[in-house]
Structure formats: C-alpha cells, structure tokens
Amino acid sequence: MGFLVFFIKRALATIPLLFAITVVAFTLLQAMPGDYADQWKNQTMMLGGISEEEAQIQADELRVKLGLDKPVYIQYFNWVKDLTLYWDLGESFIQKRSVNEVVGDRIPRTLLLAFICYFNAVTIGILAGVYAATHQYQIGDQVATVLTFLAFSIPKFIIAIFILYFWAIKFHSPYYGSLFSQEYVLQEGWWSLAKTWDFFLHTWPIIAVGSFVGAGYQMRMMRGNLLDVLKMQFIETARAKGLKESKIIWKHGVPNALHPIIMNQGRSVGYLIEGEIEVAIVLAIPTVGPLILSSVSSMDIYVASSIFMILSLILVIGNFVADCILALLDPRIRDMAGGAA
Amino acid sequence: MGIETKFKFKSKAASLLVGVSMLAMSSTASGLETLPEDKSMSGMKIELVGRDDLWTYKSCDNYNESPLTKSYVDAGKLPPVNERMPKEPWMAKTDQMVDGIGEYGGTFRHVIGGRPEGFNWLAGQSQGWGGINIQLMESLTRLGPLWQIKPDEANPLPNLAKDWEWSSDRKSLTMNLIEGARWSDGDIFDTEDIDFWWNDNVQDANVASRLPKDALGAGTTLEILGPYSFKFNFDEPKGNAVLAQLAYMGGAPGPSHVMKPLHPAHNSDATYESYANGMPASVLPIVTLGAYVPVVHKVDELMVMKRNPYYWKVDEECNQLPYYNETIYKLTSWDDRTTQALAGTGDFSNMENPGNYVEALKQNKDPNSPVKSVFGTRLIAWDLMMNLSSDFGVSSDYERELRQLFRNVEFRKAISHAMDRDTMGQSVARGPFFHPHAGGFVAGSPFHNFEDSIYYGYNASGANSILDGLGLKDSDGNGIRNLPNGGADLVIDILHSSTRSTDIKLADAAVSMFEAIGIKPVLKPSDNTDAFTDNGNWSMFIAREHWVVATKNIGDRLPTTTQNPAWHRDNGGDLLPFEETLVEKAKGILATNDLSEVASLARDIQRVRTENVYTVGLIQAPAALLINKRIKNNHPGAPVYMYEWAEDGVMRERLYTPKADQLDEFLPGVLAEYK
C-alpha cells in the first residue's frame, strides 16, 4: 500500500514537471534573437544569390504564413493544444512534414544506440569493477583506474573528433557519414545479419565512446562499493567459515555491492543519451544529435522544442523508474512518502 | 586593475611616440598607398575564353545515348533518342572540356546540409540547395560559367533562351527559346510555360516567386510572340542586369502542364497554399528540364536522381548529356560535406572554412588521397563595418556621438591603421592563405585592380595620432580614450557571428588591437546578427562581406536601395557625400550594357570606397573546390563562387568518370517513369 501511494504521488509530480519543461524549452528558444524567417532569409541570400531586398520580401511573407508574427504565448498555446489534444507536435519548417515523423525517424536510432552503450557500459563496467576491487592496487586495477579517469576527463566530443580525423580523413573509411552502406540504405523491412553488421561498422564510434565513458562510471562505482562490502563483518564471517573466495565475491559480495548501482541506473540513461548526441553531432550520424543542432541553429522551433521535451520525458521516466525501484528495495523511502501523505 | 595599468602605460607610451609617429603618419596614415599585390596560392593562370567558345546550339543527324536510356527505348518505354532531342540542342564544345568527351555511367555523390521543402520552385520552395536547386531549375540565361569568359564579353550566357535582341531604345527585349526541348515527361517546353511562369507566378502577389513582381521594373509586361518567342516590354530603358535576373534562380520556368491545373487562377478548388505544396518532396518523380530527375527521396537521409532521358544538351560527338546515369545527395550537414569530400565518401565540396585548409593541403600531398583541393584566387573576405547612420537604432546620447565619430573618415582611417591583418590571418589559420583586404572588391574579382584599392595598413602609432588629433584623449587617466571635452570612455560594441569560427577568431584578435589604440572593445557574439542589424542596434560589426561581381547584388553592397547596407535599413538613411557618389556610379552600372563602362565604373567605386574606408577591410582568402580525383572535366581554376556557385561554374552536365573508376549506381537500370 505504501508503495502504491508513493507511485501515485511520484507519477502525479511528473505532470507539472513536464509542463514546466515544455514552457522552458519553447520560451528559451524564442528568447534568442530572430526567428526561422531570418534564418531562411540568410540561407536564401547566401545559397540562392538573390539580393537582401528580394529575400526580405519573401521572408516577411513566410513569417506570416508560419504564424511567427504572432505573440510567443499564442504560438506556445497552439503548440501545446495540438500536442495534448491530437498528439501533434507541429510541422517542421525545414522539412515541411510533421514533427512526429521527423523526430520519430531519429529517436528510435538514438535509443537503440544508447541502449547498446548502456548494456556494454554496465556489463564491462561491473566486470571491470569486480576485477579492480579484487585486485586492488595491482597492475590491472591501476590500468582500469587510469582508463576510467581518462573516460571521465576527456570530453566525449574530443574523443569523437580524434576518431573522425583518423577514421574519415586519414583512413578514408567508406563506413562514414551515414547509418548504412549504399546497398542497404534503400532496403526496407527486417534487418539481415549483413545489414546489422554494416550498421555497426558505421556507428561503432558512438558505441565505443558511449560504452567506454559509461563503463568508466559503472566501474568506479562497482569497485568502491565492492571494496566496502568486502570489508564488512559478514564477509569476514564467510571467510572464517572457510567458503571459497570466488563464492564469497560472487554470491555475497557482488549482489550486495550492486544495490547502489541499480538505484543509479535511471540517472545514467540521460548520461548515455547525452553522450550519443555529442558523438553523433561530430560524426554526422543521423540520429537525434545533429537534428538538435540543426533545428536550434535554424530556429525550427517545433522540432527543437519537441526533442527537448521528449528527451526530458525519457529522463523523467528514467528517474521515475529508478525512484520506484529504490522504493521497492528500500521500505524507508516509501514509508517517507506514505508518512508525508 | 591590470587592464587599467596596461591602458595607462599604452596611453603614455603613445603620447611619447606622437612626435615620431606623426612623421610616420605623413607617409602611411594619410598618404594614399595602395594594397600590395597578393601571391597566388595555386600559381595557376586561368585562360579566359570568348562567350561562344563554351557551347553552341547545333543539330546532329543522329544522336547517341546512354545504354540506360537505350534499354528503355528497346523496351518500348521511351521514344528513340532522335525524337527526344530539340531541333538544335545545346552543344558543349570539346575544346573547353579538359578531359574531352566523356563516358556514360556511374554515380556522382553530393553531400548537403539542406532538406527539400518541395519541388515547386515557381512558388519559392527550395529543393535543399547544395546543387539540387541549380540542377532542377534550368533558367533562361546562365551565369555560372562566366568566370571563364573574358571580361569584355562577360554578359549573361544563353541557356533555355538561345538568343535575344534588345530594341534600339532598350525598352523591349525579345527572347527566343530553344525549339523542341522537352520536359522530363516528354511534354514540349514552350512559351506556354513562360506565360504561366510570368503571369501566374511572378506577377501574382500571392505566390512567393523567386523573381519579385517588379524585379525587372514596375510596369514590365510579357508579350508572347509565338511558341518559342516572347518579348518583355519595359516602362523605361533597361540593361543587361535584366538578363542576369533571368538566370538561376529568378528565370526558372516550371512545368505549366503539371502546375497550371493546381493554380487557384485555373482551378477553383485550389488555394495558394495547396498550389505552393503542389509538388511535395515526398511525391516522385517530378517533372524538370534539368539533367537529373529525383526518383527516390528517403527523408532526412538520401535523394537519388536519375538521368533525364529528354535532356536537351549534347557534346560535339552528339552524345546526349549528362554522362553520369545518377547523382545522389546525402542529406547530412554542411560541415559534413567537406569532411565527406576529404574522406572520399562525397565527391564535391565548396571549402570556405579556412580552419580546414591546412588539412586540405596535406591531403593534396598524399598520393592515396581520394580528393584534390584546388585553391582559387582570393574571393572571400572579412570586413569590420561601422554603423554610419546618424540616428538609426540610436538609443542614447553616447551612441549618437559615437555615430558622428564613425561618420568621420579620419576615425575610420585610424581604425583601419589599428588592424594588424597579418596577425589576424595567422590567428585564423597558419600558412599562406590570407592577404590584407582594403574592403570592396576582393583580389580575385575580375573587377579588382590593386592600384584602385587605397589601403590604410597597420600602423598603430599613426592610428593613435589620428585619434589624438580628433580630440579623443584619455582625459580621466584610466587608460581608455574619452569622447572629446571629457566625455564618456570610448567603449565600442563589436557584433560578430557566434557560429562562424573565422568571425569569432577575427573578433578575438581585434580586441588587443583596439586596446593598443586606447579603445575598449566589447565583443557581442550572436548566432543571429541580423536581429541586431535589422533594427540598427549595433556599433561595429565583423563579418564576411565580400564583393566579387560588379553587376551582381549591387544593392547589398552600396546604398542603391532603401535597405542596404545594414546601416541604411531605416529606409534610406542619411547618406554621406561619398556615398552619394557611390550611388551615382552604381546606377551607371545598372543602366549600361557596355561592359567596358561597367569595368571603369567599378574601378571608380573601388577607389571612392577604399579612400573613404567605407568598410575596414580585414583579410581575404581563397576558397577551395574539393573534388574527387575520379571526376573528370572539372575545369582547373573553377572558383567556389564568382558569378554563381561552383555547382554551376564547373558545368556539371559535362563531368564524367572513366568506366574503370565508376561507382555502382544506387538504383541501377532505373529511370523516372511517369503515370
């Protein structure tokens, strides 16, 4: 019963949060000087070679047509109305199609890659953490620690720039700048094994960077937790009883050290998506990352606002799930929620 | 505190040096020195040719075609090639094809950052730029290849209009279309398309036509003289500027047989909205006069275009052009275009970001590199502009006083003397890329002569002397000059783009140069500088601002309209006397058909502009065309942008790849098929 109360209260609390996120996402974008019509004018002058005077006439017409001449609160109200009533995120000014489609094409790719990174990060990070904790101050531990600090300290986009330089410019790899090779781009339907492999050849930098950085984070947590657990009384007792060391570690140490890690998983979703976005922007891999950049820089406001809202929603859900797991595992949390009620 | 001390020191040092610098000033700060000549990066000499040397219009007894279209003919899906060609096709001359007659087949890969809005270019929709628009929007006249034409013959070239004639009073222009050319679905292209383009699009205020209603002059009318002949009648005499406006993008007719039934004037169920979206990006193939027809558009990823079986151009051996069966556009980002060209996964890029130049040179030295970069003449430049309007956007007495300072040519000279262009160039990219710029025409412009560019080069002490002479002393001893009579500190905002890396580096480099003359600069980066310039709310502005062709976009460079340059965006503004002179000479350019007169007026303009430091030129650099080594017939020296973008300048219909090096097509064996 306590958990149900916690669940409902926590779920209700996310609604105003999401509402606030839509306001912030929309108004922040509008706070920037200029609008899509200005960007359109600049691009048309630059790429089309027409004069500013001619471009200005067309840009003014475009502003009226897209409703950008209306006050911001009316634009926001219309957007939220369509969103809540029809689940319609608006139209992309640039692509002249529904934002649902524009974002719908890219979000699944981002989530797929983020999930792969997440899976790798957790698996590699936890195993490396166990190894480091059980080999404290030995060479393996120290190598893992150095790699971890590198993962923490080098910004992900810097690693991506290095990869870009060597992969594209030095090695002239054909697996660059798209999700698939020529023969698979226009192929519809289920992925064959060859197509899947081709996808990995194109997206490995995202997976490598995301996994590396994420694994560092998981590894540090696992190492610290396991070291703490291994110093506890019940482990001493187990050892005194003559249990095998591997059994002590894997049956008693690791499960207890995992609790804080499980609780933190909700927060790592955001971290991994953010990493995927940075790397994809540098390497121009068509996931959400480059779309965020292009939609913000060209003031394609409904696309940009929608992405911010959806990514925030994913983070909110991630945190919500983590909080629920925490409440399930720790009665004190749900009791606190119940008590407050 | 540190800054104040530094300023005090600089100020004292400056006053001690006044005597010496006044001497130096007499020869540099006020003397009319001209810009030193630049050193070519490529060392290439471009051989200019006559306007009839590139192509002609000529018939053949029999035409050859690509095996791809032949297979459609054999299958009964297309008429024979002889029946598909116009009476006298546009014919590329072999002498100007550096690798000669091409070979059919293969694919050409573009990478672009744009996305197709739709295909109704009549209603102002863009197909994604980066070469798609130019490829689809064949126009009445053509500008791109003019970079190769001798200056005294460099009037707009024929294209869909194969020739034209002016009346003796220049109040009418009769144009003759290529006869018997067909749209990609086989429909004849004739004056019905011209009539629809002009009357239902250009002249219809509800359609956002690329050519504004009065672009050829208010009161201009169209008279159809026959299926392939028409006449423009003007209210007043016109010059060849009209022909330039009939080139890409203004003079591109659309398929009237497809679009007319969708237009509200001819369909009571249609709206202007439905008309504008009448050729959506999702419904393919579309109908075009271009060399390629879009057949597949995988949104946000790829556009595949296949050869137009009715294309109306041939080579001198009567082979129907183009040579490639396919051209593709990868839809990624503009930055990625250069990266993919360097990587070898894209075939073509206009490289204009000097930050990439060093790597491009390294690639040139690598025999295994898939790409070659050809640095052209210096055609891109950056200026520091001052807001010369006395009141537009002014919101305080300080700003009003500042504007008066800007309007004083001596102050502008001082700022020019303060700019250390060599340091600026090296801060952007180390190497031989940059040359000082005096403003106005760039060094690579056919209208530029170094002896016309008056140059107030780097001379910080001279700059200080001029400022002292203007009464701008540091009266409160804080290291920053004050406005005359103990006025406010001279603190000046410098607007610049926050997204263009070169602009950012130049603004950063300028800071210490301003400090050295006792002016405190405040950088004002913005990702939308237009928002400031549109309402006059700026003082100084560092931006890419180059002028290449005297007859093109003259209204953006000189105050011939009520909107430009940026400081006159308040409907005209208060022109300085030398600006009146510039306007007079600019009008002379617009009114004449005599190219030698255009060249002479352009020289006058450059002298007046630079002598009065209309803008403070900073640095100028070459751009480079990156093109994959397997691409042939890329004419050496083709500029990234001169009269038009390189996509048109290189004449893509002539490019080819030898059979052995051809890449597999995305869609082999496929042509556009219409229901």
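For the reader, a short list of remarks on this structure follows.
- Whenever a residue of segment A:283-295 is facing chain B (nearest Cβ under 10 Å) and farther than 18 Å from residue A:96 by Cα, its partners that are acidic (Asp, Glu) and buried (at least 23 other Cβ atoms within 10 Å of the Cβ), lying with C-beta atoms within less than 6 angstrom and at least six residues away or across chains, give the pairs A:284/B:336.
- Count - residues of segment B:339-355 that are more than 18 Å from the chain's Cα centre (by Cα) and either at the interface with chain A (Cβ under 9 Å from one of its Cβ atoms) or buried (at least 23 other Cβ atoms within 10 Å of the Cβ) (or both): 9
- Considering only residues in segment A:211-244 that are over 17 Å from residue A:256 (Cβ atoms) and small (Gly, Ala, Ser), the one that is surrounded by the fewest Cβ atoms within 10 Å (Cβ to Cβ) turns out to be A:242.
- Counted as qualifying within segment B:446-539 are the helices (runs of 4 or more DSSP H) with 1 or more residues that are basic (Lys, Arg) and closer than 30 Å to residue B:552 by Cα, namely B:501-515.
- Inspection of segment A:273-285 identifies at least one residue that is buried (at least 19 other Cβ atoms within 10 Å of the Cβ) and closer than 30 Å to residue A:59 by Cα.
- Filter pass, residue A:44 being in contact with a helix residue (DSSP H, G or I) (Cβ under 7 Å, 6 or more places away or on another chain), within 11 Å of chain B (Cβ to nearest Cβ), assigned to a helix (DSSP H, G or I) and of a type in the set (Val, Ile, Thr): yes
- Residues considered: B:363, B:340. Of these, the only one that is modelled with pLDDT under 95, touching a strand residue (DSSP E or B) at 6+ places or on another chain (Cβ under 7 Å), under 21 Å from residue B:645 (Cβ atoms) and not in a strand (DSSP E or B) is B:340.
- Among the residues listed as B:331, B:384, B:388, the single one being among the aliphatic types (A, V, I, L, M), more than 14 Å from chain A (Cβ to nearest Cβ) and under 23 Å from the mean Cα position of the chain (by Cα): B:384
- Remark: pairs (first residue in segment A:49-76, more than 7 Å from chain B (Cβ to nearest Cβ); second residue among the basic types (Lys, Arg); Cβ separation under 8 Å; 6+ apart in sequence or on different chains) = A:55/A:41; A:59/A:41; A:69/A:63.
- Filtered residue count, segment B:247-277, keeping only those that are within 14 Å of chain A (Cβ to nearest Cβ), outside any helix (DSSP H, G or I) and either surrounded by 22 or more Cβ atoms within 10 Å (Cβ to Cβ) or among the hydrophobic types (A, V, I, L, M, F, W, C) (or both): 6
- For segment A:30-44, a residue qualifies if it is under 12 Å from residue A:68 (Cβ atoms) and within 25 Å of the chain's Cα centre (by Cα), and exactly one does: A:30.
- Residues of segment B:533-556 classified as modelled with pLDDT of 85 or more, within 12 Å of chain A (Cβ to nearest Cβ) and under 25 Å from residue B:584 (Cα atoms), total: 2
- Yes/no for residue B:297 being under 24 Å from residue B:77 (Cα atoms) and modelled with pLDDT under 95: yes
- Scanning segment B:291-305 for residues being assigned to a loop (DSSP other than H, G, I, E, B), farther than 16 Å from residue B:107 by Cα and of a type outside the set (Val, Ile, Thr) gives a total of 2.
- Residue list for segment A:176-201, filter: farther than 20 Å from residue B:112 by Cβ and in a loop (DSSP other than H, G, I, E, B): A:187, A:188, A:189, A:190, A:191, A:192
- Residue A:177 of a type outside the set (D, E, K, R), on the phi > 0 side of the Ramachandran plot and surrounded by fewer than 17 Cβ atoms within 10 Å (Cβ to Cβ): no
- Taking the criterion of being closer than 16 Å to residue A:53 by Cα, more than 19 Å from the chain's Cα centre (by Cα) and not in a helix (DSSP H, G or I), the residues of segment B:564-603 that qualify are B:569, B:570, B:571, B:572, B:573.
- Residue match in segment B:637-647 (condition: more than 20 Å from the chain's Cα centre (by Cα) and within 29 Å of residue B:153 (Cα to Cα)): no
- Residue A:307 vs. criteria within 14 Å of chain B (Cβ to nearest Cβ) and farther than 27 Å from residue A:19 by Cβ: no
- Identity of the residue in segment B:105-145, in contact with a His (Cβ under 9 Å, 6 or more places away or on another chain) and within 11 Å of chain A (Cβ to nearest Cβ), that ends up surrounded by the most Cβ atoms within 10 Å (Cβ to Cβ): B:116
- Residue check, residue B:653 over 30 Å from residue B:383 (Cα atoms), among the acidic types (Asp, Glu) and either under 22 Å from the mean Cα position of the chain (by Cα) or in a helix (DSSP H, G or I) (or both): yes
- Residue count for segment B:155-207 satisfying the condition of being within 14 Å of chain A (Cβ to nearest Cβ), surrounded by 21 or more Cβ atoms within 10 Å (Cβ to Cβ) and part of a loop (DSSP other than H, G, I, E, B): 2.
- Test result for residue B:366, within 13 Å of chain A (Cβ to nearest Cβ) and without any contact (Cβ under 8 Å) to a residue 24 or more places away in the chain: yes
- For segment A:181-210, taking the residues that are at the interface with another protein chain (Cβ under 9 Å from one of its Cβ atoms) and buried (at least 16 other Cβ atoms within 10 Å of the Cβ), the one that is nearest to residue B:302 (Cα to Cα) is identified as A:185.
- Every condition in (1) outside any loop (DSSP other than H, G, I, E, B); (2) free of Cβ contacts under 8 Å to residues at least 24 places away in the same chain holds for residue B:329 except the one numbered (2).
- Failed item in (1) under 26 Å from the mean Cα position of the chain (by Cα); (2) of a type in the set (D, E, K, R); (3) modelled with pLDDT under 95, with residue B:162 passing the rest: (3)
- The set of residues in segment A:93-116 that are within 13 Å of another protein chain (Cβ to nearest Cβ), under 22 Å from the mean Cα position of the chain (by Cα) and under 15 Å from residue A:293 (Cα atoms) comprises A:102, A:103, A:106, A:107.
For (1) at pLDDT 95 or above; (2) surrounded by fewer than 21 Cβ atoms within 10 Å (Cβ to Cβ); (3) in contact with a helix residue (DSSP H, G or I) (Cβ under 6 Å, 6 or more places away or on another chain), each residue gets a yes or a no:
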| position | (1), (2), (3) |
| --- | --- |
| B:463 | yes, no, yes |
| B:466 | yes, no, yes |
| B:476 | no, yes, no |
| B:479 | no, yes, yes |
| B:483 | no, yes, yes |
| B:486 | no, yes, no |
| B:499 | no, yes, no |
| B:502 | no, no, yes |
| B:507 | yes, no, no |
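The values are calculated or read from the model by the stated rules, or taken from the named source; none is laboratory data. These figures come from a predicted structure and were not determined experimentally. Note: ideal-geometry Cβ built from the backbone for every residue, glycine included; neighbour counts use all protein chains shown.
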